[in-house]
1. Rounded to the nearest 500, what is the 222 nm mean residue ellipticity of the chain from helices alone, with -39500 (n - 2.57) per DSSP H run of 4+ residues and division by all residues?
2. What distance in nm separates the two pseudo spin-label positions at E325 and D30, each 7 Å out from Cα along the beta-carbon direction?
3. If you rank W4, W107 by fewest surrounding Cβ atoms within 10 Å, what's the result?
4. Relative to the Cα centre, what is the charge dipole magnitude of the chain, using +1 at the beta carbon of each Lys and Arg, -1 at the beta carbon of each Asp and Glu, and rounding to the nearest 20 debye?
5. Can you work out the FRET efficiency for the pair D308 and E210, with r the C-beta to C-beta distance and R0 = 45 Å, to the nearest 0.05?
6. Helix 307-319 versus the longest principal axis of the chain: what angle, 0 to 90°, nearest 10, using Cα atoms?
7. Ignoring GluC sites (Glu not before Pro) that are buried or in helix or strand per DSSP, and keeping those with at most 16 other beta carbon atoms within 10 Å, what is the longest stretch of the chain between them?
8. Using 7 Å Cα-to-Cβ label points, what is the D178/L74 separation (nm, one decimal)?
Amino acid sequence: MPLWPVYTGTNEPHDGIEQLPPPPPWRAFDGGPPLAAPDASADLSAVSPDRMHRAVTYRATEETVQLVNAALYLRRPLLVTGPPGTGKSSLVYAVARELRLGPVLRWNITSRSTLHDGLYQYDPLSRLYAARQQAARQDRPGAAEPPADDTGIEHHLRLGPLGTALLPYARPRALLIDEIDKSDLDLPNDLLNVLEEGQYEIPELVRAAELAPDGIARVPADGTDERVPVARGRVRCRAFPFVVLTSNGEREFPPAFLRRCVTLRLRQPDDRHLADIVRAHLGEPDAYARSLIARFLERTGTGDLATDQLLNAIYLAGTSELTAESLNRLAEQLMPHLGQSTRSDVF
């Protein structure tokens, strides 16, 4: 029987993703041959202790749980908007850990990012250099055996995070496209076709496939040196990845882009949610920590603040031997309103 919710927000890892119902007919994909999913039991802390901590301590609201499951069921990207510090990028790590989706693929967006960057990178200059080195080795007198041929395109091409996420994995991969609002105006539109069709082509491999006996190239995927097969330069997903796009709300997106996403807007947490967040990161809040939570909430009414500013202040209060007056002054300096000057506000 299908399971709802697949993602529960409890931070307890499970294999509920295997009970996800079939996709809607208009979101069915048939890429292949299927690839084994990455080892979901791998210790994320060995790769990034920060990412593991964020995954374990993330506290999802009921609305977040519902919309994450909507994105999973509908095989749609999840567009997460909200003020800085509300946990937009942490969400994908929490979902990937709970559902055992393996390491999160991450694409950090800048104003210079293009769709090509996310799909794959090809270095023709390194291939030219390899060809010259190959020719020089072949001409060298007294060579004991023919040198290995490293001039093929697959030796100078690597899949990007988006390109890797769309490989035909048997289980969905998790992909974070971080700060999409920083992109060039064209990138959201460029993403439309790839995210709608769940597939893309690598022209360099399409041309090379015409000369290859089986048309299959083995190229390294993002985040690993493991090589995956790409048949005739075409990649099509099998299990649509869990894609999270984050935005600080600094720009509007085209309607065509928005209608293809499930949209989640994160808001500043209330006092109970803040206490849960503090408890997850630093343990049960004491009296002074609760007073800082109250002051933090009061200040959010007059400007944007990030939750990690509060966590920084509470951590220092619990690990330093400063006087109450010094702690209050330090907390004031640690929690300036975002987007304003660093002058000292009245705390």
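Any read-out appearing in this document is the output of simple, stated calculations on the displayed coordinates, not a laboratory observation. Not measured: the values here are computed from a predicted model. Ideal geometry is used to build each Cβ from the backbone, glycine not excepted, and the neighbour counts take in all protein chains shown.
1. Details: 14 runs with 134 residues, N = 347.
Helix contribution divided over all residues of the chain: -11000 deg cm²/dmol.
2. Once both label points are built, they end up 7.7 nm from each other.
3. Numbers: W4 15, W107 23.
In increasing order of surrounding Cβ atoms, one gets W4, W107.
4. On the way: 38 positive and 46 negative charges, 93 e Å.
The calculation lands at about 440 debye.
5. Details: r = 53 Å, r/R0 = 1.17.
The formula returns an efficiency of 0.30 here.
6. The answer is roughly 60 degrees.
7. Details: sites that count: E210, E226, E250, E252, E321.
For GluC sites (Glu not before Pro) (loop position, at most 16 other Cβ atoms within 10 Å), the longest site-free span of the chain is 1-209.
8. Between D178 and L74, the label points sit 2.6 nm apart.
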